[in-house]
Amino acid sequence: MVSLYLRHVIAFSRTGLCLRSMSSIANARQELLDLGFSEEQAEKIQSMRGPPNKTPSVKELCLIGLNHRTILRLLEERPEFLKVAAKELRDRVDTLRSLGLGEGSLQASLVRCPALLSVPRSRLLATAQFLKSRCQFTSQQVQKILKTSPETLTQDSSHLEDVFQYLYFRMGGKQEEIVSCQAFETPFDEIRARHQFLERLGTFQPPNKYRTCPPTNPKVKEVIQLSEKDFLSRIAHSSAEEFTTFRKILEREEREGESHLEDTEDELSSDEDDAKQDSDSGEDSEDEDYKENVHDDKPNDYRKKK
């Protein structure tokens, strides 16, 4: 009787859990339909991985002002948004607005770079502050960066610093040029390869001590933003084969430089170890001499006293 009773309770509990689960799924689907999604769109959202009730996150995306088709595409690209708490999404959107992304530009930036909603609020603020303090961009220039290249806020600060310092010091670029050419979207290795290719061709002269470049130099925007085909034909006046060969030479030089640096560090480390050993051996010999002198003197003094 006890066994039959337990089986009955377990079966009833499972049935109740199943019914409640089906009920919650049906309610979540209905809520999506109430938000204006079609049945097909609601089915796609519900089939995505995430919590059973995906409505809170979807509601926040709707409140941003994104249309249903954009929200569906965004969730297909970034299904992890469904796991982010609604309050967290709201805080990130409010942070983007506080940085200067108003209505219209906010939606355009999110459509272009959905990953902005993946960045925590603290990192968004830290990156914006980094652009102002380390790169000396004004608030208006930072706002323009967010509107024209929102991917910048998802980059590591080390990448931003490498790109900015190279453009500013090696290529003589000014803040206005760096902002307008959307430099932070370009891989650093690509910028360096194009610039050094032009330098060795004699087409690009380095800036003087006042950071002024000759007027014959190509513009920073032309070096960075043009496609490789246009860059080679219009700026470098070279073939793709020559540029490919130069890339290989540059990579080999970098490997040799890294190997030489490692050898130098090993030699310095070895010299420091030798110097330390010599110092230790010198101290040991001085200790032995001191002990011998003390040992020799002490008996004589002791005999005299005796």
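The values are calculated or read from the model by the stated rules, or taken from the named source; none is laboratory data. Model, not experiment: these values are computed from the prediction. Positions of Cβ are backbone-derived with ideal geometry, glycine not excepted, and every protein chain shown enters the neighbour counts. SASA here: full protein model, heavy atoms, side chains in, ligands and nucleic acids out. Shrake-Rupley method; radii C 1.70, N 1.55, O 1.52, S 1.80 Å.
In the range 247-275, the residues that are more than 30 Å from Leu198 (Cβ to Cβ) form no Cβ pair under 8 Å with any partner that is surrounded by 10 or more Cβ atoms within 10 Å (Cβ to Cβ) and at pLDDT below 65, whether six or more places apart or across chains.
Residue count for the range 146-178 satisfying the condition of being closer than 15 Å to Ala128 by Cβ and either in contact with a strand residue (DSSP E or B) (Cβ under 9 Å, 6 or more places away or on another chain) or open to solvent by 70 Å² or more (accessible area, probe 1.4 Å) (or both): 2. Based on this model, can you work out whether Arg112 counts as open to solvent by less than 50 Å² (accessible area, probe 1.4 Å) and either under 25 Å from Met48 (Cβ atoms) or touching a residue at least 12 places away in the same chain (Cβ under 8 Å) (or both)? No: the conditions fail for Arg112. Among all positions in the range 55-62, there is at least one residue which is without any contact (Cβ under 8 Å) to a residue 40 or more places away in the chain, open to solvent by 20 Å² or more (accessible area, probe 1.4 Å) and more than 30 Å from Gln141 (Cα to Cα). For Arg73, indicate whether it is under 24 Å from the mean Cα position of the chain (by Cα), of a type in the set (Lys, Arg), part of a helix (DSSP H, G or I) and buried (at least 18 other Cβ atoms within 10 Å of the Cβ). No.
Residues checked against (1) hydrophobic (A, V, I, L, M, F, W, C); (2) under 17 Å from Gly172 (Cβ atoms); (3) modelled with pLDDT of 95 or more; (4) assigned to a helix (DSSP H, G or I):
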residue: Gln196; (1), (2), (3), (4): no, yes, yes, yes
residue: Pro207; (1), (2), (3), (4): no, yes, no, no
residue: Arg211; (1), (2), (3), (4): no, yes, no, no
residue: Pro215; (1), (2), (3), (4): no, yes, no, no
residue: Ile224; (1), (2), (3), (4): yes, yes, no, yes
residue: Asp230; (1), (2), (3), (4): no, no, yes, yes
